[in-house]
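Shown next, in C-alpha cells, is the structure this report addresses.
The values are calculated or read from the model by the stated rules, or taken from the named source; none is laboratory data. Note that the structure is a prediction, hence the values are computed from the model and not measured. Cβ sites come from the backbone with ideal geometry, for glycine too, and all protein chains shown count toward neighbours. All accessible areas refer to the heavy atoms of the entire protein, side chains included, with ligands and DNA or RNA removed. Shrake-Rupley method; radii C 1.70, N 1.55, O 1.52, S 1.80 Å.
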Number of protein chains: 4
Amino acid sequence: MGISVNKQAVYEAAEKLRNWGRWGREDQVGTLNHVTAEDVVAAAALIKRGQSFALGIPLDRNGPQTGLFGGRWNPIHTMLATGTDAAAGRQGKLLYADDAINMPVQAATHWDSLGHIFLDDKMYNGFDARLVDCNGLAKLGIEHARARMVGRGVLLDVARHKGVDYLEDGYGISNDELDKAAKAQNVEIRRGDFVILRTGQLEQRLQSGKWGGYAGGDAPGVKFENCYWCQDKQIAAICSDTWGVEVRPNETTEVNQPWHWVVIPAIGLTMGEMFYLKELAEDCARDKVYEFFFCGPPLVITGGTGSPINPQAIK
Amino acid sequence: MGISVNKQAVYEAAEKLRNWGRWGREDQVGTLNHVTAEDVVAAAALIKRGQSFALGIPLDRNGPQTGLFGGRWNPIHTMLATGTDAAAGRQGKLLYADDAINMPVQAATHWDSLGHIFLDDKMYNGFDARLVDCNGLAKLGIEHARARMVGRGVLLDVARHKGVDYLEDGYGISNDELDKAAKAQNVEIRRGDFVILRTGQLEQRLQSGKWGGYAGGDAPGVKFENCYWCQDKQIAAICSDTWGVEVRPNETTEVNQPWHWVVIPAIGLTMGEMFYLKELAEDCARDKVYEFFFCGPPLVITGGTGSPINPQAIK
Amino acid sequence: MGISVNKQAVYEAAEKLRNWGRWGREDQVGTLNHVTAEDVVAAAALIKRGQSFALGIPLDRNGPQTGLFGGRWNPIHTMLATGTDAAAGRQGKLLYADDAINMPVQAATHWDSLGHIFLDDKMYNGFDARLVDCNGLAKLGIEHARARMVGRGVLLDVARHKGVDYLEDGYGISNDELDKAAKAQNVEIRRGDFVILRTGQLEQRLQSGKWGGYAGGDAPGVKFENCYWCQDKQIAAICSDTWGVEVRPNETTEVNQPWHWVVIPAIGLTMGEMFYLKELAEDCARDKVYEFFFCGPPLVITGGTGSPINPQAIK
Amino acid sequence: MGISVNKQAVYEAAEKLRNWGRWGREDQVGTLNHVTAEDVVAAAALIKRGQSFALGIPLDRNGPQTGLFGGRWNPIHTMLATGTDAAAGRQGKLLYADDAINMPVQAATHWDSLGHIFLDDKMYNGFDARLVDCNGLAKLGIEHARARMVGRGVLLDVARHKGVDYLEDGYGISNDELDKAAKAQNVEIRRGDFVILRTGQLEQRLQSGKWGGYAGGDAPGVKFENCYWCQDKQIAAICSDTWGVEVRPNETTEVNQPWHWVVIPAIGLTMGEMFYLKELAEDCARDKVYEFFFCGPPLVITGGTGSPINPQAIK
C-alpha cells in the first residue's frame, strides 16, 4: 500500500473509513455490530477439545506500568480482612478474608471502549468529546459492550510466522504481512472476527523480568495502513500482546498514535491490549488450528473508557 | 431432610463433606475439577441461537453496598483524562480519556475464591488460614481459576417456579424445592454444572430503587442442608442473584453463615453472588430452555479473595 | 444591609470585591496576604496556658459523606501490614503495621484552595478555569499555602451568643449578628485574622449519631452579604463547623452557593470547613478569651483543590 | 559508647529503656508526655520574626516511593470535577473543582504512631500486637496525638556541622556527634523537645532528580546507641530528613532496623520522617538560632499507623 503517514493521511483515512451513522445515530458499539448471532453459533462449533486459555495477565504490583504514560499505576490490591486476623481471634462468628483492588481500567489486559480516543472534538459516531467529563463517558462507555464480546477468535501469530521469538520494538507489521501470516496459518479472516495479533513482546518482557518501555514506549505493531485492513475485513475487534497494537515509534511525529486516531473514533473499532498469548500460541502451533471460540466479557463499568479483562480462547 | 442447624451440625457436615486431598494436596480449585473437557465441548452445543446474556450488575456509585458488612464500598470510578480536557486544549498529540476503578472485589457481581472463608484456622484442602495475610492469599487465590470458569450453565428459577416475582427475605429454599424446580423446568442437574439460582431479590431491589439490606441483611436463599445437595450433585459452582446465596436470617445464631462454613472451606465449592438474571430468566421462561453455555472468567487478581465479573450465559 | 440576592447581585459583588491583581499578577494565596510577620509574632503572645485544641474530625468510615454532593466518599483506611500478620509469623526481621488512606480532600475538616470555585470561566486573580484539568490545578493549588496558615485565630461562637446549642438548618447569620457576637465576646476582628464561626451543627450531628444532610444539604451559615464583611474586615480566612460556611437553602435559587461564587474566585478568600469546635468553644466560654494562636497547615497536595487538615488552636 | 549491635543488644536496650506504664496503663502517646503546657508557652516565645517554614514534601506522583519497601506507592491524586468540565458546560449552578488523594500514610513526610512497630508480639505500653488488625490500630493509633504535636523544635544540622552538603549513605551518627553539633550550634536539647536531624540526604535526592534507594535503601542516620540518647534527653520526638532516621545498612543483620525495635515499642518515642529542611536549615545557619516553635498536627486518622503531615517550624 505504502501510505506516507502524516497528519493529512490520518484525516483522509478518518474521512474515508468512518462508520458514523452506519449502525444508527445512537449506536454505541461500532464494529461489534459485525458479529451476528449466526457467527456466535458457528464459533461455538470451534470448541472441539474443551480447553480454555486465559488471556489476562496477573493484576498485581508487578504489572507493566512504570510511569511512562499519563500516570497509570499497577493494580493496588489491599486486604480488608485476613486469615491472620481470624487466627488471632479478631473476627466474629464468620471467619473470612476480604479485599479490594484499585487500578486504572487500562493498566493491564483490557478493552478500550469507543470513547477512549477522540478525533479533534468528536468521538465515534459523531458524539461530542465533551460528553466525557469527570462523571465518566455519557456515551460510548464500555458498559454497552457487556454482552457483545463473544464470537470467533483468530490468532495471527506474526512472530512465529516470521520465525522469531518476538518482533523487535519499532517493527511495523504491514497488511500484506498479516495476510501472509493468515495464509501460512491456514486461517481466513472473516467479518465479525476477534483478531488477535501476537508479536511476542509481552512474553519477552515477562521472561526477561524487565518491563522497560512496554507501557508507552517503543513496540512492534501494526502500521498505520492497518486501519484500512480492519475496515476492509469488517472485523469485530483487534487485539494484541502489546500495550497499544500499533507500532512505536509511530510512522509520523505529527500526531501521537496515528492508527488510534482513525480506528477508534472514525471506524468504531474495538481494541484489546496486553493479551497474554503464550500457551494459546503454542497450542495453535501444535495443532495448526488458529481459530477458536472467543469470550472476553468486560466488567460493566458505567461510563468506563474500557475494562480490565481475562478473555477466554476456547478450543 | 430436616437438619437441626447448630454449630455441631456445621462441624458434622464439614467433616462428612470435605474434599480435602480429593484432587491432590496442592489443588487450588476444588469443585471446578468436576468440569471435564468433554463437558465444555458438550456445553458448546447449547449455543443454538447465538445470544449472550450479561450477568454482571453495573459497577458504579449506585451499587448495593450500604455499609452493613465489613466496610465494603461501592465502586469508585475516577477519570484520569477527559474529553473536556481534550476540548480545552489541555492535551497533546493524542486526545483521549482514561480512568480508574477502586472497589472491593466482592462489591458487586463476583466469584468467591476458595480462600474467602475459613473453618476455624483452616482453608479448603487443609491450608492454614494464616497463609492469608496483608499480602493476599498465598494459597487458593482466584487466579487459580483463571481458565476454569467455563462449562454448562443451568438456571433454577425458583421464584418463577413458585409463581412469585421474588422470594421474601428469610425464605429458605430446601433441597427438595430445588429438585422440584429442576424437574418443572425440565432440566437435569449434572456433575460439573454451574448452577444459578434465581430468587428475584436483585430485580426487586433494582425496581424499587432501594437496596435496603441487600448487601448483608436479610435475604431469601438456600437452607443449610443445601451443602449436602451441592456435594451430592457434584456441581462445579453455585450462584445466585443474592448477596450470599444462603438464607438470612440464618437457621442458627451460633455461627454466621453456616452454609458458607461448609461449602467453601470443606467442600471447596466455588460460589457466585449478585448475578443479574432478569433477561436470562425471561428468555428461559419463553423458550423453556434452562441450560446454556456458561463463561464467567475472573480477573487474574493475584491472591484475590474473589473477582468482580460479568459472566456470560450463551444460548 | 438587606441585599436582594440573585444572580445579578452575585456578579455585582464579584465586581466590587474582587482582588485580582491586588497582590500581583501571579499571586496564588489571596487574602492570606493580609497576614503579616508582625501578626504572627503578636499571635504567639496569645499562647498563655500552653493548651492546644485539635479542630479536625476523625478520618474514618463514620464521616459525614452520605452521597449528597458530587460523589465524595468517607475516608477509606486500609491496612498494608498488621500485628496479626506479625504475630502469625508472616513478617521478617522487622515487625510492623502499615496502612493507606483514600479520601476526597474535602471529605472532612479541610481547607478549600482558591482554585476550588470558578466565576464563569475564571478563577481568583483572573486565571483561566481551564488550567484546572485532570492533572490538577496548574494555578492556585493548595500547595501555595503550605507555610501561610499561621496567625491569630478568633472564634465567633454564634450559637452560644444566641443562647442555643445549635442554630437551625436554614438560619442565615447576618453581618450585624457577627459584629454583635464579637462585641459580646469582647473580641475584635482584625486584618489578617483566621475567623472561625460556630453554629453548633457539627456537634449536634455527632451527638445525634445521624449526619443527615450535613454534607450538602441544609445548614445554618452566613448570609450572602457576608462577602462584603469579609472583604471589609480584611480577614485571612473564614472557617466554620458546617459543610460550606454559607446558609442553605441559599438565599437564591438562581445560583448554587452564591457566597462561594464571590469569596473564592473574586476575593481570593481562604475557607475552612467542618471544623470541630466543641472543646475550644467550651474553653472560650469558660475563660472569656476568644482569640488564640492558630496553626492549620495544609498537606502539600500538588495541584489540590484543598487539603484535609487538623488545625490547632493554641491558647 | 560503643555498643556491639546484635539481637541481644536490642533486647537489652528494650528492657532498660522501656517506658511501659510510666504514664499509666492506658497511655497512648508515650514521650509526647514529656511536653508540658509550660513548655508550649515557652516555645511560643521563640516566635520572634513571624516566619513559618513548611517541612512537608509535595504529595504527588514524583514522590520517593519506588517499590523498595512493602508495596507503598506515591500519592495518587485524582480529579472529581475540573475547570475544563465547567468551561464545557458540564456542570450546573456551581462551577467547581474537586479531587481525591490515595496514599500510604507513610509515603511522604509523616509521623509514625506508636503502633507502627512491634517488639515481638507487643506494642508500646505492653499492648498486644494483635490489637492491630485489618480494622486498624485498636490502640496507639495516631489519633491520640491529635493535639500533642506542639512545642519547642530544635534543628540539629549534622551535615552542616560536618561541613558537607549531605552525609553519605551508611554514615552512622553517634550520640557524641549529636551533642557536639548541638554545642556548635549553641542550642541545648531539653526535655520535651521535638528534635529534627538534618543529614542533607533529602535535598541531595531532590537536587539530583533521582530518589534511588531513598525509601527503604541505604541512608545516613543515627546509630543504634541513639536510643539511649533519646531516652536520656527525654525528648518528645525525633525527626529527620531521611526515610527512617536510623543508619542503613543497619549495624547488624540480625534484625532489620534495630533502633526502631527499641524506640517505638519500648520507649514510646514519636518519630517523624522525610522532613524537608532546606530553607529552615539555611535560615538557622544565617541567624544562628536553631530553636523555634514547632507545630506538626497529624490528621486524625482513626487507628492510623501514622499520618502525612506538613509540620511548621516558626521563628
Spelling out what I want: for every residue of segment C:187-199, take phi, set θ = phi - 60°, compute 6.51 cos²θ - 1.76 cosθ + 1.60 (Karplus), and round to whole Hz; glycine and proline get x. 10, 9, 8, 10, 3, x, 6, 9, 8, 10, 9, 10, 9
Would you mind telling me the share, in percent, of accessible area of chain B contributed by carbon and sulfur at probe 1.4 angstrom? 45
Give me the extension gain from B:THR36 to B:GLU282: residue separation times 0.36 nm, minus the current Cα-Cα distance, reported in nm with one decimal. 85.6 nm
Sort A:LYS183, A:LYS315 by heavy-atom solvent-accessible area, probe 1.4 angstrom, most to least. A:LYS183, A:LYS315
Rounded to the nearest 500, the 222 nm mean residue ellipticity computed for the protein assembly as shown from DSSP H runs (n ≥ 4, each -39500 (n - 2.57)) alone is -6000 deg cm²/dmol
Around D:GLU273 (Cβ within 11 Å, Cβ-to-Cβ, excluding D:GLU273; K/R +1, D/E -1) the net charge comes to -3
Hydrodynamic radius by Kirkwood for chain C, inverse mean 1/r across distinct Cα pairs, in Å, is 20.1
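Partner chain Cβ atoms within 10 Å, averaged over the residues of B:67-73 - can you pull that number for me?
Details: counts 3, 0, 3, 8, 11, 3, 7.
Neighbouring Cβ atoms belonging to other protein chains average 5 per residue here.
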When all protein chains stay in place, what accessible area (Å², nearest 10, 1.4 Å probe) is found for B:TYR11? 80
For peptide D:29-42, how many partner chain Cβ atoms fall within 10 Å of a residue's Cβ, on average? 2
The distance between the Cα centres of segment B:237-315 and segment B:101-171, in whole Å, is 7
Which value, in Å² rounded to 10, gives the accessible area of B:TRP23 with a 1.4 Å probe and all protein chains present? 70
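Before I look further, what does segment C:1-57 give for accessible area per residue, probe 1.4 Å, in whole square angstrom?
Ligands and nucleic acids excluded, the figure is 48 Å² per residue.
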Interface residues in segment B:97-116 - accessible area drops by 10 Å² or more relative to the isolated chain, probe 1.4 Å: B:ALA97, B:ASP98, B:ASP99, B:ALA100, B:ILE101, B:ASN102, B:MET103, B:PRO104, B:VAL105, B:HIS116
D_trans [Stokes-Einstein, Kirkwood Rh over alpha-carbon pairs] for segment D:1-134, 10 °C, 1.306 mPa s, µm² s⁻¹: 79
Can you tell me, using C-alpha contacts under 8 Å and at least 6 residues apart, the relative contact order of chain B as a whole percent? 32
Report the B-A buried area as the accessible area lost on both sides summed, probe 1.4 Å, in Å² to the nearest 100. 6500
Normalised by the residues of segment D:107-218, what does the relative contact order come to in percent, with Cα pairs under 8 Å and at least six apart? 23
For segment B:225-311, what does the accessible surface come to per residue with a 1.4 Å probe? Please give it in Å². 21
For the protein assembly as shown, percent of DSSP beta bridges that are antiparallel (nearest 5) comes out at 65
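Please give me the summed charge of the neighbours of C:THR305: other residues whose Cβ is under 10 Å from its Cβ, Lys and Arg +1, Asp and Glu -1. Before the final figure, lay out each step's value.
Details: positive: none; negative: C:ASP112, D:ASP98, D:ASP99.
Its environment carries a net charge of -3.
When DSSP assigns beta bridges and you keep just the ones with both residues in segment C:113-228, what percent turn out antiparallel, to the nearest 5? Don't jump to the answer; show the numbers that get you there.
Values: 4 of 11 bridges.
So the antiparallel bridges in segment C:113-228 amount to around 35 percent.
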List the lysines whose alpha-carbon lies under 28 Å from that of D:LYS223, not counting same-chain residues fewer than 8 positions away? C:LYS93, D:LYS7, D:LYS16, D:LYS122, D:LYS162, D:LYS180, D:LYS183, D:LYS210, D:LYS233, D:LYS278, D:LYS288
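Quick one: longest stretch of chain D between exposed loop GluC sites (Glu not before Pro), exposed meaning at most 16 other C-beta atoms within 10 Å and loop per DSSP?
Working: sites that count: D:GLU26, D:GLU168, D:GLU188, D:GLU254.
Here the longest segment lacking exposed loop sites spans D:27-167.
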Euclidean distance of C-alpha centroids, segment A:58-72 and segment C:180-225, integer Å: 45
Prolate/oblate/rounded label for segment D:185-270 (Cα gyration tensor, a/c 1.5): oblate
Using only atoms on other chains, find how many Cβ atoms lie within 10 Å of each Cβ of peptide B:134-145 and report the average. 5
Over 5 Å intervals from 0, what percent of Cα-Cα pairs in segment A:162-315 sits in each interval? 2, 8, 18, 23, 22, 17, 8, 2, 0
State, as an integer percentage, the relative contact order of segment A:236-286 based on alpha-carbon contacts under 8 Å between residues 6 or more apart. 52
